[in-house]
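Read the structure below first, then the notes.
What follows is calculated from the coordinates using simple rules that are stated; it is not laboratory data. Since we're looking at a predicted model, the values are computed, not measured. Because the Cβ atoms are built from the backbone with ideal geometry, glycine has one as well, and the counts that use them run over all protein chains shown.
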Amino acid sequence: MQPKIGVTIGGFEFETCIFNASGPKDETLPLLERIAKSKASAITMKSCTLEPRVGNPEPRYVDLPGKSSINSMGLPNLGYKEYIKFAKTLKKKYKKPVIASICGMSLQDNVTMFQAFNNSAADIIEFNPGSPNTIGKPIVGYDIGEMDRSLAKLTKICKKPLGVKLPPYFDFVHFEGMAKVLQKYPVEYVSCINAIGNALVIDPKKEQPVIKPKGGFGGLGGRFIKYTALANVRKFYELVGNRIKIVGVGGIFTGVDVFEFILAGATAVQLGTVYMQEGPKCFARIQMELVSYMKKRGYDSLEDFRGKLKTLD
Ligand code: RRO
């Protein structure tokens, strides 16, 4: 018998625990259809804003050695009205959950978009307060008071299952502060982690940063952030895992990586840099690798090991 790797999030059946992260190659309908036709178990759309945005000047995404990346895309997107249309098309053509990602420039913008997505075909709404790349805007997820005010307002409006894409935290005080806020509201899942913000990668030959926006400062993704992602998954699983699901994202390239995230407490995982670098076939490959690793370890389902990280005693 094949191990079971399906999951339920927000009442929706996901055929596997592996789907795409909001961000890489998901801004347009043809790109979203590529995801729909792959083995990704859901279709997550690019974070959207009220108005369309062209994003930051190029170069704004660079692959780094060691299966990593730096980006300062600056939220290029077609504006939320397009994603409402895309959700309708995707739902008609494909039988997968569709996740809308919302990243407004203000709370009022977010309110407007949440209201609009309530009446859309999108199944789940992911609130993104963690983008490190909007010039002149702080990372909202680092302001616990602002997160409290935002979630108070948005959860009153939101009629769909709500996910929150969190930026990475590095200190137990911050994990605990954020967990306290999350516990006040009907949040279905948190997605840990967005890129590690404001890294600087330098090309020593050119004596220049590798990306142009913000003097070269951008979000780090891929392998370099896997252990920070695992730590965030584990901490939030410990703090809020009894009532909020955790979705792991950050540096997942193999089935064994997925296994580690589930062991740390993740319900499912999202793929970012690996999808950017390998394209849609990564979903099938990683799914197969997960299944074969579970077989090797004698596990029949994800529940057999989810959250069951052992201690060293
Ligand atoms: O578009 C971006 O620059 C971007 C976003 Br909105 C985000 O949430 N995370 C990221 O690494 N880049």
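Data for the structure
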{"quantity": "Entries in Lys205/Lys281; Lys235/Lys281; Lys4/Lys308; Lys46/Lys310; Lys4/Lys153 that, when Cα-Cα distance is taken, lie over 27 Å", "calculated": "Lys205/Lys281; Lys235/Lys281; Lys46/Lys310; Lys4/Lys153"}
{"quantity": "Listed peptides 243-252, 60-69, 154-163 by packing density, highest first (mean Cβ within 10 Å)", "calculated": "243-252, 154-163, 60-69"}
{"quantity": "Net length gained if the chain between Leu200 and Ala152 were fully extended (0.36 nm per residue, minus Cα distance)", "calculated": "13.8 nm"}
{"quantity": "Gain in span if fully extended, Asn119 to Glu13, counting 0.36 nm per residue against the direct Cα distance", "calculated": "36.1 nm"}
{"quantity": "Relative contact order of the chain, pairs being alpha-carbon contacts under 8 Å that are 6 or more residues apart, as %", "calculated": "20 percent"}
{"quantity": "Surrounding net charge for Gly197, when Lys and Arg each add one and Asp and Glu each subtract one, Cβ distance under 14 Å", "calculated": "+2"}
{"quantity": "Total formal charge among the other residues, if their Cβ is under 13 angstrom from that of Val111, Lys/Arg +1 and Asp/Glu -1", "calculated": "+2"}
{"quantity": "Proxy reagent accessibility, fewest Cβ within 10 Å first, across Thr28, Thr134", "calculated": "Thr28, Thr134"}
{"quantity": "Helix-only mean residue ellipticity at 222 nm for the chain, each DSSP H run of n ≥ 4 adding -39500 (n - 2.57), per residue, nearest 500", "calculated": "-11000 deg cm²/dmol"}
{"quantity": "Prolate/oblate/rounded call for the range 7-304, Cα gyration tensor, a/c under 1.5 rounded", "calculated": "rounded"}
{"quantity": "Separation in nanometres of the label points that stand 7 Å from Cα toward Cβ, at Asp304 and Val256", "calculated": "1.8 nm"}
{"quantity": "Amide hydrogen neighbours beyond the local backbone of Phe127, cut-off 5 Å, H modeled", "calculated": "Ile102, Gly163, Val164, Lys165"}
{"quantity": "Highest average packing first - 122-131, 278-287, Cβ atoms within 10 Å", "calculated": "122-131, 278-287"}
{"quantity": "Net charge over other residues, Cβ less than 10 angstrom from the Cβ of Glu188 (K, R count +1; D, E count -1)", "calculated": "+2"}
